[in-house]
Amino acid sequence: MNPTGHQAAARAADAAEAQAAADDAVWVARAPRIDPDWFARPWSLHGIRHTQRVHIHAQRLTRELGWAELDAQLALRAALWHDIGRTNDGVDDGHGEQSAFRAGRLSLTDALAPADAGAVLFAVFFHSLPDQTAREEAPRWHDELGWPRAGRLQDPEQALRILWLLKDADALDRVRLGPWEAADPRLLRHQETASHLPFAAALFKLLS
């Protein structure tokens, strides 16, 4: 390549980088405002900043996957509430259950129809548990544990879709733990999610 060609390629690369940075900034501006009082530990590794990033990842994934508006909004609710009950930053299979209970106690589900509340709380409850456990429990999961406004799942498949989306969005933010802890693309539930890993790294730098 001649010098002029090198210069043109460099300018194109710079322009692409600038556009990517601008696009990233647009998404950062879409980070939700979150009440610290929702959280047991708002400024922890799994607190407000993590939740904002997961919410942004959920926005991007639902848009790319072409989700219907209602399902997308329920997935975003699940992203907002998924770690509010966490009391530590270690391995904790029970923190999804703690977060679902906290969402109920704080009356966060009051604005939702009972069926929608059930789908969101199901996703929050099971996001910290194995996929197979969620599949087995979805057909019979209901509000016997006493969560306000969370009835028996009317559409278990919808609840599972929201859960898989939440798990992928949450996994994308594993970049905050270091390159050795980044999400394994083979374990993601949507093949489209892997293409969001570079954005996840950029978002963490901008919103941490």
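The values are calculated or read from the model by the stated rules, or taken from the named source; none is laboratory data. Source: prediction; values computed, not measured. Note: ideal-geometry Cβ built from the backbone for every residue, glycine included; neighbour counts use all protein chains shown.
For residues that are buried (at least 16 other Cβ atoms within 10 Å of the Cβ), without any contact (Cβ under 8 Å) to a residue 40 or more places away in the chain and touching a Lys or Arg at 6+ places or on another chain (Cβ under 8 Å), tally how many sit in the range 172-187.
Here the count works out to 2.
For the range 33-77, enumerate the residues that are polar (S, T, N, Q) and farther than 23 Å from Leu188 by Cα.
Ser44
Among (1) modelled with pLDDT under 95; (2) among the hydroxyl-bearing types (Ser, Thr, Tyr); (3) within 25 Å of Ala171 (Cβ to Cβ), where does Thr4 come up short?
The single condition Thr4 does not satisfy is (3).
Tell me, which residue of the range 112-144 that is outside any helix (DSSP H, G or I) and modelled with pLDDT under 95 is farthest from the chain's Cα centre (by Cα)?
Within the range 112-144, the match that is farthest from the chain's Cα centre (by Cα) is Glu144.
Leu153 passes all but one of (1) closer than 21 Å to Trp27 by Cα; (2) aliphatic (A, V, I, L, M); (3) modelled with pLDDT under 90; which number fails?
(1)
When you check Gln73 against the structure, is it surrounded by fewer than 22 Cβ atoms within 10 Å (Cβ to Cβ) and in contact (Cβ under 8 Å) with a residue 12 or more places away in the chain, yes or no?
no
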